[in-house]
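Okay, structure first, notes after.
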Amino acid sequence: MMDDYDSYSQQLLSQTTTVQVRGEHYIDLEYIFTNFTEAYNLSGIIISSQFKNLPSCRKQYHLDEEILNKSSFQWNSLKSQCFAVVATALGIQKVKPVSIQRYMPSEWNLSPIIIGNHLQKYRLTLIKEQLLQSGSDIQNTMVPTKFKEIVAIKEIIGYWQDNLFVEFSYQQIQSYVQSLIMEFKSE
């Protein structure tokens with residue numbers, strides 16, 4: 001029975017689901033994100049196969065399946081527009097996911113991971129549309145084409161075009177978000 005287990009674990013370790021770094025086996029991150037349950041089970045095999053795979057990681061950094069399940073959250077038009085307004089108001093150049101999370105409605109249950117993924121896509125869209133060399137070329141006045149007609153974003157960009165402008169207050173950003181939500185509810 002043990003020989004079957006060892007041959008099975010060796011077979012799994014030889015697949016492309018693991019990578020070897022300095023003689024130690026690790027589970028490929030892409031595999032973890034697409035196959036959470038299998039990766040979790042595979043981590044037990046790696047640990048029990050006497051490879052040094054940071055055994056404490058499995059306990060300390062247990063990933064929540066809900067966060068990894070992309071179907072659990074959908075970006076609709078309202079959520080995307082609120083995101084664009086908040087990211088633009090905070091300054092798309094250096095904004096962090098946790099900062100954006102503070103302004104998004106709590107009932108949407110947005111995690112920093114979900115916001116971070118969306119922020120990355122948003123910045124990539126800017127890089128492509130503006131034909132930029134890299135993310136460091138992004139300016140706070142830049143907005144993806146599909147959001148340029150939002151009244152709040154036009155107003156926010158106007159502030160960012162003033163070289164003396166520093167930042168919006170918490171209340172100002174909340175006001176933009178609430179106005180956008182009310183506008184959607186009235187449609």
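Data for the structure
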| read-out | value |
| --- | --- |
| One residue from Phe184, Phe165 being touching a helix residue (DSSP H, G or I) at 6+ places or on another chain (Cβ under 8 Å), hydrophobic (A, V, I, L, M, F, W, C) and touching a residue at least 12 places away in the same chain (Cβ under 8 Å) | Phe184 |
| Qualifying residue in the stretch 118-134 (condition: in contact (Cβ under 8 Å) with a residue 24 or more places away in the chain, surrounded by 13 or more Cβ atoms within 10 Å (Cβ to Cβ) and of a type in the set (Val, Ile, Thr)) | no |
| In the stretch 70-95, the residues that are in contact (Cβ under 8 Å) with a residue 12 or more places away in the chain and basic (Lys, Arg) | Lys79 |
| Test: Gln171 is over 21 Å from Asn76 (Cα atoms), among the polar types (S, T, N, Q) and modelled with pLDDT of 95 or more | yes |
| Yes/no for Thr141 being β-branched (Val, Ile, Thr) and touching an Asp or Glu at 6+ places or on another chain (Cβ under 8 Å) | no |
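The values are calculated or read from the model by the stated rules, or taken from the named source; none is laboratory data. Please read these numbers as outputs of a predicted model, since none were measured by experiment. No Cβ is skipped: glycine too gets one built from the backbone with ideal geometry, and neighbour counts run over all protein chains shown.
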